Structure formats: C-alpha cells, structure tokens
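Student: What follows is a structure written as structure tokens; I'll ask about it next.
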Amino acid sequence: MAVHAILWRRKPRRQIQACRTGGNPLSPKTYIQEFAGKRILIVEDEYFLAAETRRKLEKLGAHVVGPTGRVREALDLIELDNVDAAILDIHLGDELVFPVAEQLSLLDIPFVFATGYDPSIIPKTFTGFALCEKPTELEAIARQLFGPGTDGMS
Amino acid sequence: MQAVCDQENDERENMAHSDASLAPRDMPDAPVTAQTAQARMAELSETNARLHAENRALTRRVAELAHANSDLQNLLESTAIAAIFLDSSLRITHYTPAITAIFRLTEADLGRPIDHIAHRVAYDRLKDDVAAVMRTLAPLEREIRDPQGGTQFLVRVLPYRALDNAVAGTVLTFMDVTALMRAEALLRDREALLRSIVEGIPQLVWRAVEPGCWTWVSPQWTSFTGQAAGAALGRGWLAMVHPEDRERVVLAWQEAHDAGQLEVDHRLWSLEANGFRTVHLRARPVMDAQGRVEEWFGTATDVHEMLLMQEHQQVLLHELQHRVRNTLAIVRSVARRTADSSDSVENYADRLEGRINAMARTQTLLTRATQSSVSLRDLISNEIFAQTVDRHRIEIEGPVVPVLGKAAENLSLAIHELTTNSVKHGALSAPGGKVGVRWEIDSRTQPDNLRLVWQETGLEMPVQPPGRRGFGTELIEGLVPYQFGGTGRLVFEPTGVVCTIELPLPSLVKVRVSITG
C-alpha cells in the first residue's frame, strides 16, 4: 500500500520530481533532524495516525501544534500558534483540507500533503504547484519541507 | 412480316403479268400456216421456260415464308412464355405450348371462347380484363396466383394489331415470377430486419460522406436530441454537439480519412435529460470495389452512465486505499499500545489477537449491512457476546441508531476494551456481577446528542483502578473527543466501571466527502 506525500508550492523552483526515501545518494545530508525545535501543525482526522505522527515528531524534538481533524480548528491554530510547517491529510471526514492549504500558502508556510490517495485526485486549482509522491515517512516529508529548493527555512 | 407480305404481293403481280403474256397476242384470224405454227411453238416453249422460272421463285418464297414462320414458332417456344391469342370475340386463335401448363388446351380448342377453357389460376377477372383492353387499347398487367402450386404469374394483356393496324383481338402472356417474388419477399424481409436492428439498437446510427456530411440518420437521433432528421443532415447535427466539443469533433473528422476510422467522445444535447450527455462517436468507412471511401457508417453511443460509474468506481478505489492505509495504521498503533502494557509475550499475543478480532468482527458486520451502516445495538451485542455467553448478566437497551463505517470501527474497539476489562477484572469476572449498556438521544441540544452509559454492578470486591492510562482509557478519553467531537469518561467506582460517552449524533453517520475532478 503506497502512501503518498505530496508537496505543492506557489512558485515552484523545481520541475515535478520523484522523491526518494533515505536521502539522496549523491548527498548524504538528511533533513529529519530539522524538525527539532520547529512548530509542526498536524491536520489528520484519523486519531491513531495523528497520535503516531505526534509521538514520532515529539521524539525528534518538534513542538506539535494540534493535531486536529477539522478545517476550522486548523485555521484557528495557524492564526494563533506561529506554525513553522504543516503536514496535511486531504480527507477530513466530511470536509477537505484545501482551505487550510490555501491559508498556509498565503502565509508562505511550507506544507506537505500526506495522503493514501493517488495524487491525481488533487483538484485542478493546485496544478502549477510542484507535486511529489512519497511514502509518508518523516525523512521524505522533512526533505520536502526543509530540503534545497524550498523557501529556505533553517 | 409486313415486308415479307409485300414481297409476296409483288410476286403475285408479276405472275399476273406473266399470265397476260401467255395469252395469244393476236387472235388467229389468219389461217394457221406451218410457219406460224412453228413461231407459236417457239413462243410457247419460251413462255414455258419463263413459267418454270416463275415457279421456282415462288417455291423459294414459300420456303422462306415457312422458315420465317418456323423461326417465330421456335422463338415463342424457346422463351417458354405462355401466350394465348384471342380474337375480338375472345375465341382462341393461337397459343404457345407453355400455356398448356395453365390452361388445359388442345388443338381442338382453337376457335373456342377462352372462358370455356378450364384453368388452374385464380383469375376471375380474365374476361373483364380482356374486354377492357379491347375497349381502351391500353396494355394491362396483373399478378395472379396458382392456389395449388403456389406459383406466381405476371399476366400481361395486350391488344393484337392486324396488318391494317386495326385491333383484331388480344394477346395474353403469363410469366412465372415465383422466384422473383420470393427473392423480392426475401429482400423485403432482410430490409425489415436490418431496419429493425438499426432502429432498435440504443445507438444513434448515421451515414455520411466526407468530411462529416451526414446523408441519413436513424430515428433514434431525433428522439435523443429532439432535432428533426432533416435538420441533422449535412452538418446540421453539429448544432446538437456541446459548443466546447465542436472543434474537437470537426478535427476528428478531418483526421478520419487518413486514420481510416473515427473515434471521439463528445457531449451531445439530450432532450430527455434537458442537458448534455457524453456519447462515444464511432465510424468506419464503406469502401467501393476500387478501395475508395464511398461513405461512412457510424454510431453515437450514450456512455454517460458508464463514465459516471467509472468515476464512482475510482472514488470507491480511493476510499478503499484510504481505509486499508488507515486500518494498517490502527493495527500498528494498537500493536504498539498493547506491547507497552503487556508483561509477557503470551499476554501480548492474546490481547493483540483479541483487539484485531474485534476489528475483524466490525468489518464483517459492515460488509453484511446494507448501506454500510450497522445498528448500535448489533454492534454492542456483537462485541460483548464474542467474549461472554452469560446473556442474563447483560442488559442492552436503547433506541435504534445507525452507525456508519469508521464510527462503527472506533466504537466497537471501545466496547471491546470495556468487555475485555470486565471479563478479566470487572463485573463479568465475578459470579454476581452485571453489565448494563443503555443509551438515549438528547434532542434538546443542537444537533442531537447520543448519551451512552456502560455501567457495571454487583461487584463485592471492587478492583483497583489501573495505575497507568491503558489502551481502553485512551480510546474513550482520547479517541472519542478527537474523532467524534464528543466526551468520554471512564470511572472506576467501588461497584464497578462506569463509562459515559456523549457525542453528537451526526458524527455516527458522517459520510466522507469524495473528491471528483
């Protein structure tokens, strides 16, 4: 079962690309430690998934914002909680996460779509942003959030 | 015939002249002398020679006439056309042999009126028809049948003109057209069959010449689009195509000749739907003997429903992917939590298996259920009675509440944990203990609230609450607020466990939104 992480940005500096887990073989640099000290918002409606991601992120020294499974709550957290980056599930029960994505993009906060769905379901509004398929391992997500070609959070 | 006849006349005239010349030129008033006698002899023998010559010519003409007559006879016989010649009084003057198959005629019948002769065809109006042709001089055709043999005849009645162009009677010809009629009937049947197929299939059928110029369209076109067949011809049909799709369809037609086929999907106006529906246009060229494209034969098939179903299937597939992923995540989480609170591998394996079984039971319930919802009662009793058979110690009470997929999975995990705890340490572990599960719907709130209480009673030796937050506690106090937006409270009372869950009713039947295009 492939689980995909999809990254989109308003001004893509790279072409659509394939992501690799375990780091780029040409550069041994990993990005997972970049989570330390950052405020990471988790938007995920599945309690167990949210709890697992939170546990992992906290182990890496991140400060977890949320998690929440609701759009309204996520928007409130963005406004109140100085989010550095976000990990978003697309389906939140009876609502979709896209308003949250739009708000993050407006504030130039990097984020990653983490979803079990095929990337082709991303609405047309979001084409023109770089899409990247990846298993939702935190290393792959970290590369997308903090790796080269991003807005340079460091 | 006329020419031959004219020659014969000339011949006779010549002969008349010859006769005249045979007569003595001058009557013998003068006495016959030896000299005159000799002269007469010479004259006679000359006349005789001329007579012989005339006779030979006549014989030759007669032979020629006989030949012509026999040619005519042979012609009539070889065509096997049954013909009968009647005079103005309907009397038989002549007939061809083939007619005897229809009229029982012999030579002896010549001169008898036609209506005296027995025949085997159903032709009651024969006499009237002949009379009509005699009167109007207009030829007449009629199809008649031999009721016994089933043979079909085409009868022609024509006026018979004599040499002086006067109408001297009629000629009747009988042609056996049975084979022709059968072929025609077969052709008609085939045509009807083809038509019923073309007009019976759900496809809209059309014929066209390049590029996209329709020459014929089946009635289905009109019933589908509401456009009259006449208006669709030429390129009129394009008006029924969605404006945004027209360019694409025209382009497909332009490429059709080289491609040797036409395949394109487009939206077409539907009168019944009062909107556009997607159809699949498909055409193949019809070639002539030289392999040149003569015309195109094509169909438009309504694929709207099929496309919707494909989309729906895609949604279901995504849903399945999502659920598998989430289920695995839950299993992973449950395994980890179980490991955290297990003191031996055996204990770990038992509890993990129990939890996975609980999830499996819910899946079975959901699979069997219609609309993929289960009733709250079924869900609860299913979980409890998987671990105990003491039905008299359990009381389940509450109104009908349907629970959908994900909510059902989470709720049954919670009930599973409560039951496991009760069987091991709580009311169901001791002889006098009882469990009551009761729920009610509170309509005073907006939206309606479900309040469910799990209450254990009858315990003599209350158990000590577990020192750390267990998996069951996390489910009730962590998952319920997160997933359902409600509250959950697990209290270890002296008489046993009391668990109170409150959640908004709609959260139990929340349907996932689907993403399309």
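Nothing in this text is a laboratory measurement; each read-out follows from the coordinates by a stated rule. Being a predicted model, the structure only gives us computed values, none of them experimental. With ideal geometry, Cβ positions are generated from the backbone for all residues, glycine too; neighbour counts draw on all protein chains shown.
Student: Work out how much length residue B:106 to residue B:254 would gain on full extension: take 0.36 nm times their residue separation and subtract the Cα-Cα distance, in nm to one decimal.
Tutor: Numbers: separation 148, 0.36 × 148 = 53.28 nm, distance 7.32 nm.
Net length gain for the segment: 46.0 nm.
Student: Note down the net charge around residue B:379, summing +1 for each Lys or Arg and -1 for each Asp or Glu among other residues with Cβ under 11 Å from its Cβ. Before the final figure, lay out the partial values.
Tutor: Details: positive: B:361, B:377; negative: B:378, B:383, B:409.
My count for the surroundings of residue B:379 gives -1.
Student: Now, a different point. Could you compute the FRET efficiency for residue B:91 and residue B:44, with r as their C-beta to C-beta distance and R0 at 45 Å, rounded to 0.05?
Tutor: Values: r = 50 Å, r/R0 = 1.10.
According to the calculation, E is roughly 0.35.
Student: If I model a spin label at residue B:57 and residue B:305 as a point 7 Å from the Cα along the Cα→Cβ vector, what separation in nanometres do I get?
Tutor: Distance between label points: 9.5 nm.
Student: Å³ per residue of the Cα convex hull, for the range B:309-508? All intermediate terms of the calculation are to be shown ahead of the outcome.
Tutor: Numbers: hull volume 26.4 nm³, N = 200.
Normalising the Cα hull of the range B:309-508 by residue number yields 132 Å³.
Student: For chain B, what relative contact order do you get, as a whole percent, if you take Cα pairs closer than 8 Å and at least 6 residues apart? Don't jump to the answer; show the numbers that get you there.
Tutor: Details: 701 pairs, mean separation 31.8, N = 517.
For chain B, the relative contact order is 6 percent.
Student: Net charge within 15 Å of residue B:435 by Cβ-Cβ distance, Lys/Arg positive one each and Asp/Glu negative one each, not counting residue B:435 itself?
Tutor: On the way: positive: B:377, B:391, B:393, B:424, B:434, B:438; negative: B:383, B:390, B:395, B:397, B:417, B:456, B:493.
Here the charged neighbours net out to -1.
Student: In a shell of Cβ-Cβ distance under 9 Å around residue B:90, excluding residue B:90 itself, what net charge do Lys and Arg (+1) and Asp and Glu (-1) give?
Tutor: So the environment of residue B:90 carries a net charge of 0.
Student: In nm, what is the difference between 0.36 nm times the number of residues separating residue B:328 and residue B:292 and their Cα-Cα distance?
Tutor: Between residue B:328 and residue B:292, full extension yields an extra 6.7 nm.
Student: Still on this structure: Placing one identical point scatterer on every Cα of the range B:38-117 and ignoring solvent, what is log10 I(q)/I(0) from the Debye formula at q = 0.12, 0.19, 0.25 Å⁻¹?
Tutor: -0.55, -0.86, -1.09
Student: Send over the per residue convex hull volume for the range B:150-282, Cα only, as a whole number of Å³.
Tutor: Details: hull volume 27.7 nm³, N = 133.
Cα convex hull per residue, to the nearest whole number: 208 Å³.
Student: Another one. For the range B:80-181, just run the numbers: alpha carbon Rg, then divide by 2.2 N^0.38 Å, N being how many residues it has. Provide the component values of the computation, followed by the final result.
Tutor: Values: Rg = 13.1 Å, N = 102, 2.2 N^0.38 = 12.8 Å.
The reported ratio for this selection is 1.02.
Student: Within a 10 angstrom radius of each residue's Cβ in A:39-48, how many Cβ atoms of other chains show up on average? Whole number is fine. If you can, show how the numbers build up before the last one.
Tutor: Details: counts 0, 0, 0, 0, 0, 3, 6, 12, 14, 18.
Going residue by residue through A:39-48 and averaging, the value is 5.
Student: Separate question: Can you tell me the convex hull volume per residue for chain B, based on C-alpha atoms, in Å³ to the nearest whole number?
Tutor: Working: hull volume 190.9 nm³, N = 517.
Given the Cα convex hull of chain B, per-residue volume reads 369 Å³.
Student: Right, another one. May I ask you to derive the relative contact order of the range B:80-181, considering only C-alpha pairs under 8 Å and at least 6 residues apart, and to give it as an integer percent? Please report the intermediate quantities before stating the final value.
Tutor: Numbers: 197 pairs, mean separation 28.2, N = 102.
Once divided by the residue count of the range B:80-181, the mean separation gives 28 percent.
Student: Ratio to report: Rg/Rh of the range A:47-121, with Cα atoms as the point set and Rh obtained by the Kirkwood method; give two decimals.
Tutor: Values: Rg = 12.1 Å, Rh = 12.9 Å.
Reported Rg/Rh, Kirkwood definition of Rh: 0.94.
Student: Tilt of helix B:178-200 relative to the longest C-alpha principal axis of chain B, in degrees (0 to 90, nearest 10)?
Tutor: Taking Cα atoms only, the helix is inclined about 20 degrees.
Student: Next question. Using Cα pairs closer than 8 Å and at least 6 residues apart in sequence, work out the relative contact order for the range B:309-508, in percent.
Tutor: Relative contact order, the range B:309-508: 16 percent.
Student: Taking every pair of Cα atoms in the range B:281-363, average 1/r, invert it to obtain the Kirkwood radius, and report Rg/Rh to two decimals.
Tutor: On the way: Rg = 28.5 Å, Rh = 18.1 Å.
The Rg/Rh ratio comes out at 1.57.
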